[in-house]
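The values are calculated or read from the model by the stated rules, or taken from the named source; none is laboratory data. Because the structure is predicted, anything quoted here is derived from the model rather than measured. Cβ: placed from backbone, ideal geometry, glycine included. Neighbour counts: every protein chain shown.
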């Protein structure tokens, strides 16, 4: 198999996951495209470091790095309101939302409003369904930190002022 | 297990990430604890709602097109290679060519030694001829230019060792003083923002036994090393040389010699290094 075919077979199947992660981290559809393109360039450069299997976590690690680099470079620019961005985007590109067409955007806004360390573990766990071990590898944190950070992220979501507008079917909340 | 421990573990338990013994212990606790049961129900509800309500985005067609274009660019430059366990493309191709040329040289040398042995009395003269011819072969394969060879060797060592860049920056205002602080000359640093050549950083390497400013540029997936040193230290040399499959392109300007090393086409690298030298000579005011 040629290098190109090999890359396409192993890495490109995870392009959606890559875009989703970049989209949630940068909170902007255009930035996410730029980030994923940059991640592909890096993935091509480091393709030989990919061992058998694990291409998704490997590629998402690269995407995560590229996302953080992007965020760092554009730190001063992003004074935007995360909630507004998510809502506007959902209206303007309905075709890109798959499987999870929901009426409530509140939860999406709450996730987007989370700080990055909490936002990324929620996205990797609940949307990409990575195992704790895979999350630990992608986010470069110990597994114990994955567990505690997820617990904290979930608690933050449940306490989110955005969600209190929704009919409460959760337990009282504050612990 | 008490509630304080359980609360932390319930999330992992719902995610199926607890080991069997811990899961069993938690299950027992939860069965007898209303608060923890409520916590479990709450977490499950949150997870279900996220999966039902929250968008999981898919790559838009515009992104797929950009990625396709990126792949086309990447694999148009270097020949397809079936080996999956070799170093990155430029160095791999060069290494294959180097092995071939060394094998050629060894075969040639062995033939010459046999001839020399048979000739006998003219050993000295023949040795001189052999060495001269060997040098000729080296020159043909390696270029008539020791500095070009040394530059390529530095480039290969830095690329394989993963240390092409010591200071990473695309800003010449950061790189120029960094280099000046470490060398006994001021190397001009040029950015080409309207070109596909991106200044990525710099390091200090050695050439001809002396420290040399080494600028690193990225062109698509290629890494270009540019060795910049005072023209007074450099003799004359050809504008373009091939060494072990790498292009070495040379230009002069601003009192400096510029040597670019990369696995890219000679005309492209020659144009690139010419532009670096001419823009330095023309003077980018802030770079001085």
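Data for the structure
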{"item": "Condition met for residue A:103 (modelled with pLDDT of 50 or more, more than 13 Å from chain B (Cβ to nearest Cβ) and assigned to a loop (DSSP other than H, G, I, E, B))", "result": "no"}
{"item": "Any hit, the range A:40-53, residues being part of a helix (DSSP H, G or I), under 17 Å from residue B:62 (Cβ atoms) and touching a helix residue (DSSP H, G or I) at 6+ places or on another chain (Cβ under 7 Å)", "result": "yes"}
{"item": "Count of the range B:46-76 residues which are surrounded by fewer than 18 Cβ atoms within 10 Å (Cβ to Cβ), over 25 Å from residue A:38 (Cβ atoms) and either more than 7 Å from every other protein chain (Cβ to nearest Cβ) or modelled with pLDDT of 90 or more (or both)", "result": "2"}
{"item": "Top-ranked residue in the range A:1-31 [being exposed (fewer than 15 other Cβ atoms within 10 Å of the Cβ) and in a loop (DSSP other than H, G, I, E, B); ranked as farthest from the other protein chains (Cβ to nearest Cβ)]", "result": "A:1"}
{"item": "Failed item in (1) facing chain B (nearest Cβ under 10 Å); (2) modelled with pLDDT of 95 or more, with residue A:60 passing the rest", "result": "(1)"}
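Residue-wise test of (1) crowded, with 17+ Cβ neighbours inside 10 Å; (2) modelled with pLDDT under 85.
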residue: B:181; (1), (2): no, no
residue: B:190; (1), (2): yes, no
residue: B:199; (1), (2): yes, no
residue: B:232; (1), (2): no, yes
residue: B:246; (1), (2): yes, no
residue: B:269; (1), (2): yes, no
residue: B:276; (1), (2): yes, no
residue: B:282; (1), (2): no, yes
residue: B:285; (1), (2): no, yes
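Yes/no matrix, rows are residues, columns are (1) in a strand (DSSP E or B); (2) within 23 Å of the chain's Cα centre (by Cα); (3) not assigned by TED's automatic domain parsing to the domain that holds residue B:67:
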residue	(1), (2), (3)
B:183	no, no, yes
B:192	no, yes, yes
B:201	yes, yes, yes
B:206	yes, yes, yes
B:213	yes, yes, yes
B:269	no, yes, yes
